[in-house]
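K.L.:
One structure, pasted below without further comment.
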């Protein structure tokens, strides 16, 4: 990672911020999404000094957005890595089942944080009259204010609303979506295949109290299938927000 003193761009009047290197991407082999590196190239063209770049609110917002996307990918990696690591241990199946539930809880929290950052960025860029508690994609007033203040921007984000609604429901329904291991064993037997023990409930109607009598027709899903379904949508959201940040910086300059 380059610093201010050993970065030639800084010395000659250019200012890449390398904000993505202050996130979990810096700790893994996962490539940094191109929307973030392109945004930093734009920062490089717009800012001439360290002070100018590091005091600009868009740089703060960019790093926050990138950090939360990195967290989402980190938890997905941890879920997958747990399956690879615990294969020989006599208690491997139990360990993987426990870790999967803990990491999925973290994943859903990281995804919710990413969406909250995205909503906060849009609220700031388009000066939506909302307090922090109401600045969320789950709030109908957020969408009402966005279409009133920036109808073209609203049109760009509206196709994501089905995904946003689905993910937010999952993040708010962890008690009903991530069942205790005993529920799985009660449904499939104590010695059920490991892949079965890693699954969670893909059904919004089952209650926590009702899990002791799980109906046979309830739907189950592998958490990694959820990530495969959601990651492209997370990336579309990040790409759109990076475009808005880029345009805002250019207008300000």
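K.L.:
Mind checking which residues of the range 179-217 are farther than 21 Å from residue 108 by Cα and either in contact with a strand residue (DSSP E or B) (Cβ under 8 Å, 6 or more places away or on another chain) or in a loop (DSSP other than H, G, I, E, B) (or both)?
P.N.:
Within the range 179-217, the first condition is being farther than 21 Å from residue 108 by Cα, and the residues that meet it are 182, 185-194, 209-210, 212-217.
Within the range 179-217, 189, 190, 191, 192, 193, 214, 215, 216, 217 meet the criteria.
K.L.:
Then there is this: Tally time: how many residues in the range 185-217 are modelled with pLDDT under 85 and farther than 30 Å from residue 85 by Cβ?
P.N.:
Residues that pass the stated criteria total 5.
K.L.:
Residue by residue through the range 16-39, note down the ones that are outside any helix (DSSP H, G or I), under 22 Å from residue 52 (Cα atoms) and under 15 Å from the mean Cα position of the chain (by Cα).
P.N.:
23
K.L.:
In this structure, does residue 176 turn out to be surrounded by 15 or more Cβ atoms within 10 Å (Cβ to Cβ) and closer than 18 Å to residue 82 by Cβ?
P.N.:
Judged against the criteria, residue 176 is not a match.
K.L.:
Another question, then. Considering 175, 148, which residue is over 30 Å from residue 42 (Cα atoms) and assigned to a helix (DSSP H, G or I)?
P.N.:
Answer to the selection: 175.
K.L.:
Which of the following residues is exposed (fewer than 14 other Cβ atoms within 10 Å of the Cβ) and farther than 30 Å from residue 182 by Cα: 65, 27?
P.N.:
27
K.L.:
Checking residue 227 against (1) more than 18 Å from the chain's Cα centre (by Cα); (2) part of a helix (DSSP H, G or I); (3) touching a residue at least 12 places away in the same chain (Cβ under 8 Å): exactly one of these is not met. Which one?
P.N.:
(1)
K.L.:
Is it the case that residue 94 is surrounded by 13 or more Cβ atoms within 10 Å (Cβ to Cβ), at pLDDT below 95 and at negative phi?
P.N.:
yes
The values are calculated or read from the model by the stated rules, or taken from the named source; none is laboratory data. Everything numeric in this text was worked out from a predicted model, so none of it was measured. Heads up, the Cβs are rebuilt from the backbone with ideal geometry, glycines too, and the neighbour counts pull from every protein chain shown.
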